[in-house]
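What follows draws every value from the coordinates through simple rules; no lab data is involved. Only a predicted model underlies this, so the values are computations on that prediction, with no experimental measurement involved. A quick note on method: Cβ atoms are made from the backbone with ideal geometry, for glycine too, and the neighbour counts reach across all protein chains shown.
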């Protein structure tokens, strides 16, 4: 570190006389310095982010059951996973969960954001109220919704006079309850991201649109939405990637019963519970590839958006 | 510095950090360096918290053995998470835990992983004091791996204001539950029907009480009877359709079941002994004066069968203080005062035979029923693969009784899986 600070102090102020030192300093500065500064961050990332991923990939090629290591297995674990009905069942649920929950969260979140962006009396309280669900830890929210939906104590059934309707104890409705709880929990997060985007749109644009005779719907469709696109993509990216990894909500609310077993629940079951770390690592690597793929599509769209936005 | 060289440098640095990482992993050191003979007891659950019975027993030992005092490392509430905490320490061969609270179904896994010290040399002392069921649960491969500590068994709770005599067969129970439940407008039977280990325990009680078996005695051959399994699963499915099972049966664990019964919403409940004291002490409960406990019914009407629960204390193979730890586990299993404390100061069923013969406790309804039930209580096989078997049984049998799979197919699936675990 001391070496670095020496170089930084020499490079901007050309030292008189010693030309060799100056040349060395200016040659190193830009690129090399950037590297030096970035290295600790990259090392840290490698340690906490890359290492587990690589380790899981290595582990997934091993025959490793009940904590006894039985040697190299090649792609056996992957072949087993792709031929396993449970993997496909949980993949289907994970996709259905992701698509439905993210769609509802986006629509509701956008509504909230537009509302919070208006100037009206009581805006502070409205903003705070909308954000409350986001502040509650997911496991606690999940336990709360379990109590709300479950037959005992059955708050929802009591409020709506539904008798003993078994929300969490039958196919279809169990998945509905999990999606519902997730939408409740995470819509405020989408709203927050979109609100930040809304606030970057200059007021003059709306004014000139109004002068040109644009209706409220046209102003929303032709001004707000196109300018909000980067914020929307960021919000969808975050939500989609997170929804694909969902674990806590279905685990607490249904334990994965009635077709609500997400990929992460399946992974946890094999890595921790049985334990079958080799097979579990293969499943988690497949989940990683899936999340990475979806994430990269978003990042690509986002990159294009930013470049295009820059050109305009 | 050229760009490719830079990349190589970063890659090298990353590779370097990867190779040294395992070496940096702390290998779980206990308090042994500072304390000399101090012992650490890794056990979980409500009674391990300050004020709980495990704490009081630890204090008693520390008073009597000031050279080797013991402190509790409180593990999580859920058995699965306790196992994971212990596994993390033991897999790293850490000496942080000297005494391990081992659930009756972990014995096989722990001993095959060589995490436990054999207790064969103190077997005589333990054998003469402890009930045979718990002793069997601490044995794997013919060797004793842990000293039994506390036991557990399922009871049938019933409403004395609605039912004159507790039923002796499951069919009779369902007949009464459906009829009385309808008359009173409440649920019939509540139990542990959610998709988790507790459901497997409940299902096994039905299956065993219909004459079914999982393995032969030394667990070398599968004796799973698919016909009995199908019959039992179809019965449970029918019971759900007929309204014998209370609404919400298939999402209930221990506490949901207790709440439902305690607030007067069910005629019968299958639960562990802990619920007895809690219902009795609840002034708000409409049933606190109107319930009693009985042995679980069977399908034949003869005798009773309950799944055996509880914890055994094992000595960690990586402990720095094995002799003292061994003395402690034997003491906790055989000392009459300790074993009696479990029964009198908490509703934790002891393992010492003498406590069940104690005249002072003869009037205690929980203790006398336990004395009746425990000799016939059966451990789930403490095989190393038990967790896999349990998960497979949950996946196969839970949808089958909920009408989402065929009981016949589900039973075959369990049979095939059991076969695969011994091959």
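Report the antiparallel proportion of the DSSP beta bridges in the protein assembly as shown as a percent, rounded to a multiple of 5.
Values: 29 of 45 bridges.
The answer is about 65 percent antiparallel.
Past the 25 angstrom mark, what percentage of all C-alpha to C-alpha distances in region A:42-158 do you count? Intermediate results must be reported in sequence, preceding the final value.
On the way: 4081 of 6786 pairs.
The calculated P(r) of region A:42-158 puts 60 percent of pairs beyond 25 Å.
Kindly provide the helix-only [θ] at 222 nm of chain A, computed as the sum of -39,500 (n - 2.57) over DSSP H runs of four or more divided by all residues, to the nearest 500 deg cm²/dmol? Write out the running numbers ahead of the final one.
Values: 15 runs with 223 residues, N = 312.
The per-residue figure over chain A is -23500 deg cm²/dmol.
Based on the Cβ-Cβ distance from residue B:175 to residue A:301, what FRET efficiency comes out when R0 is 60 Å, to the nearest 0.05? Provide the component values of the computation, followed by the final result.
Numbers: r = 63 Å, r/R0 = 1.05.
It comes to 0.40.
Taking other Cβ within 10 Å of each residue's Cβ, how do B:269, A:216 sort, fewest first? Present the calculation step by step, with values, prior to reporting the outcome.
Working: B:269 28, A:216 9.
Placing the least packed residue first, the sequence is A:216, B:269.
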Handout entry: Quarter of Cα convex hull surface for region A:166-284, i.e. mean projection, nm²
Key = 9.9
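Taking each residue of B:246-256 in turn, how many C-beta atoms of other protein chains fall within 10 Å of its C-beta, and what is the average?
Working: counts 3, 9, 12, 3, 7, 16, 4, 1, 0, 1, 6.
Across B:246-256, the average partner-chain Cβ count within 10 Å equals 6.
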Handout entry: Radius of gyration and Dmax over the Cα atoms of the protein assembly as shown, both given in Å
Key = 30.9, 109
Handout entry: Within a Gaussian network of chain A (alpha carbon springs, distance under 10 Å), most fluctuating of A:39, A:200, A:158
Key = A:39
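Tell me whether region A:81-311 comes out rounded, prolate or oblate; compute the Cα gyration tensor, take square roots of the eigenvalues as a ≥ b ≥ c, and use a/c under 1.5 as the rounded threshold. All intermediate terms of the calculation are to be shown ahead of the outcome.
Details: a/c = 2.78, a/b = 1.46, b/c = 1.89.
Here region A:81-311 falls in the oblate category.
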Problem - Volume per residue that the Cα convex hull of chain B spans, once the total is divided by residue count, Å³ - result: 190
Completion exercise
extent check for region B:48-202: Cα max minus min per principal axis, descending, whole Å, gives 63, 37, 33
Practice task
Can you tell me the relative contact order of chain A? Whole percent, Cα pairs under 8 Å, sequence separation 6 or more.
Solution key: 25
Practice task
Could you check which residue among A:220, A:112, A:87 shows the biggest mean-square fluctuation in a GNM of chain A with a 10 Å Cα cutoff?
Solution key: A:220
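In Å, what Kirkwood hydrodynamic radius results for region B:253-407 from the alpha-carbon pair distances?
Value: 18.6 Å, from the Cα pair sum.
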Fill in the blank from the handout: One finds the C-alpha centres of region A:220-268 and region B:94-121 to be spaced, in Å, by 41
Practice task
Please compute the Cα-Cα pair-distance distribution of region A:62-123 with 10 Å bins starting at 0, giving whole percents from short to long.
Solution key: 17, 22, 19, 15, 13, 10, 3
Fill in the blank from the handout: Computed over region A:57-162, the relative contact order (Cα-Cα under 8 Å, seq sep at least six) in percent reads 9
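For B:191-199, what's the mean count of beta carbons from other chains sitting within 10 Å of each residue's beta carbon? If you can, show how the numbers build up before the last one.
Numbers: counts 0, 0, 1, 6, 6, 3, 1, 0, 2.
The mean count of partner-chain Cβ atoms within 10 Å per residue comes to 2.
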Handout entry: Computed FRET value (nearest 0.05) for residue B:221 with residue B:91, which takes r as the C-beta separation and R₀ as 35 Å
Key = 0.70
Practice task
Could you work out the mean count of beta carbons from other protein chains within 10 Å of each residue's beta carbon in A:265-276?
Solution key: 3
Practice task
Relative to the longest principal axis of the C-alpha atoms of chain B, give the angle of the C-alpha long axis of helix B:79-91, reported between 0 and 90° and rounded to the nearest 10°.
Solution key: 20
Handout entry: Choice from A:41, A:32, A:235 showing the highest fluctuation, given a GNM over chain A with Cα pairs closer than 10 Å
Key = A:32
Fill in the blank from the handout: Cα-Cα pairs in region B:358-423 separated by more than 16 Å, as a whole percent of all pairs, come to 62
Exercise for the section: Calculate the radius of gyration of the Cα atoms of region B:189-232 to one decimal place, then report Dmax, the largest Cα-Cα distance, as a whole number, both in Å. Expected result: 11.6, 36
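When you have a sec, figure out the Kirkwood radius of region B:72-152 from all distinct Cα pair distances and drop it here in Å to one decimal? Please list the in-between numbers first.
Details: mean 1/r = 0.0750 Å⁻¹.
When all Cα pairs of region B:72-152 are included, the Kirkwood radius is 13.3 Å.
Divide by every residue of chain B the summed helix terms, -39500 (n - 2.57) for each DSSP H run of at least 4, and state the resulting mean residue ellipticity at 222 nm, rounded to the nearest 500 deg cm²/dmol. List each step's numbers first, then the result.
On the way: 18 runs with 199 residues, N = 423.
Using -39500 (n - 2.57) per qualifying helix, the result is -14500 deg cm²/dmol.
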Practice task
Pop the C-beta distance of residue B:412 and residue A:216 into the FRET formula with R0 = 51 Å and round what comes out to the nearest 0.05.
Solution key: 0.20
Practice task
Pairs of Cα atoms under 8 Å, at least six residues apart: use those to get the relative contact order of chain B, whole percent.
Solution key: 24
Practice task
Could you give the spread of the C-alpha atoms of region B:139-243 along their three principal axes, from largest to smallest, in whole angstroms?
Solution key: 53, 35, 26
